[in-house]
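Colleague: Before I ask anything, let me first share the structure, which is written out below as structure tokens.
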Amino acid sequence: MGEPDIRVFLVDGHAVVRTGLATYLSTEPGMRVVGQAADGRRALDEIAVLANSDALPDVVLMDMLMPEMDGITATSEMKKRWPEIEIVAVTSFLEESKIRAALEAGAAGYLLKDADASDVANAIRAAQRGEVHLDPAAARALTDALRAPKAETAALTPGERDVIVLIAKGGTNRQIAHHLGVTERTARTHVSNILAKLGLVSRTQAAMWAVKEGLVDAQA
């Protein structure tokens, strides 16, 4: 029996964008669009309904600029309520401050709206695997801004520092499990505990923290 479909939820202020994404993703093997919303507030309401049916989406594609509730606010609230959902920011903005805001809110990826359709699918799959996926231009803007003096590391054990370095280098839960000699489920729990210890809500934030603390190079 194959892997279950990746459940995708679309949040965008433009109906034509949502329709186009839904049409494209319906042709992608292993993906299923389970809902749509025109703004962040409606997205939270719709996902709450799905949560009550034990049918949370795996990945949310989140527009950053919307009426009622913008994507940054919605991403932050969504990660607080359903931390297991991975969120990919989709926007036309390339400013470092906006990229950082999306990632610090909990987004697991950052795509520009002119991205190829295949890049969107790749970002969804990467997020579902627990990996970070950044548009190359966004990654350059972010790493340039992260070239800063090293700070003192938090009170992590040597093993926890090893794990956060693996996360920063794009390591999957499976790779972390192999490194620790534990099951993938235990590795996932270990990663969650490290994030909680650092007051972080996503692997992307952990990667940014590791760079700022000097545990990995910004260009690694």
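Colleague: Is it the case that some residue within segment 36-43 is within 19 Å of Asp116 (Cα to Cα), part of a strand (DSSP E or B) and in the same structural domain as Lys80 (by TED's automatic domain parsing)? Reasoning before the result, please.
Modeller: Here is the first cut: in segment 36-43, the ones within 19 Å of Asp116 (Cα to Cα) are none.
No, segment 36-43 has no match at all.
Colleague: While we're on this one: Spot the failing condition for Ala55; the list is (1) in contact (Cβ under 8 Å) with a residue 40 or more places away in the chain; (2) crowded, with 17+ Cβ neighbours inside 10 Å, and only one is missed.
Modeller: Every listed condition holds for Ala55 apart from (2).
Colleague: Where residues in segment 201-220 are under 19 Å from Ala139 (Cβ atoms), within 18 Å of the chain's Cα centre (by Cα) and among the aliphatic types (A, V, I, L, M), which of them is surrounded by the most Cβ atoms within 10 Å (Cβ to Cβ)?
Modeller: Within segment 201-220, the first condition is being under 19 Å from Ala139 (Cβ atoms), and the residues that meet it are 202-220.
Okay, now just the ones that are also within 18 Å of the chain's Cα centre (by Cα), so 202-211.
From what is left, the residues that are among the aliphatic types (A, V, I, L, M) are 206-208, 210-211.
On the way: Ala206: 22, Ala207: 25, Met208: 21, Ala210: 23, Val211: 21.
That would be Ala207.
Colleague: If you go through segment 174-184 one residue at a time, do you hit one that is under 19 Å from the mean Cα position of the chain (by Cα), among the basic types (Lys, Arg), within 28 Å of Asp135 (Cβ to Cβ) and modelled with pLDDT under 85?
Modeller: The answer is no, given that none of the residues of segment 174-184 is under 19 Å from the mean Cα position of the chain (by Cα), among the basic types (Lys, Arg), within 28 Å of Asp135 (Cβ to Cβ) and modelled with pLDDT under 85.
Colleague: I've got another one for you. Name the residue, out of Arg203, Arg161, that is of a type outside the set (A, V, I, L, M), closer than 22 Å to Met78 by Cβ and touching a residue at least 40 places away in the same chain (Cβ under 8 Å).
Modeller: On the way: Arg161 fails: closer than 22 Å to Met78 by Cβ.
Sole residue among the options that is of a type outside the set (A, V, I, L, M), closer than 22 Å to Met78 by Cβ and touching a residue at least 40 places away in the same chain (Cβ under 8 Å): Arg203.
Colleague: Here are some conditions: (1) in contact (Cβ under 8 Å) with a residue 60 or more places away in the chain; (2) buried (at least 17 other Cβ atoms within 10 Å of the Cβ); (3) not in a loop (DSSP other than H, G, I, E, B). Tyr24 meets all but one. Which one does it not meet?
Modeller: For Tyr24, the exception is condition (2).
The values are calculated or read from the model by the stated rules, or taken from the named source; none is laboratory data. A quick note: this is a predicted structure, and the numbers were derived from the prediction, not measured. Glycine gets a Cβ as well: all are built from the backbone with ideal geometry, and neighbour counts include every protein chain shown.
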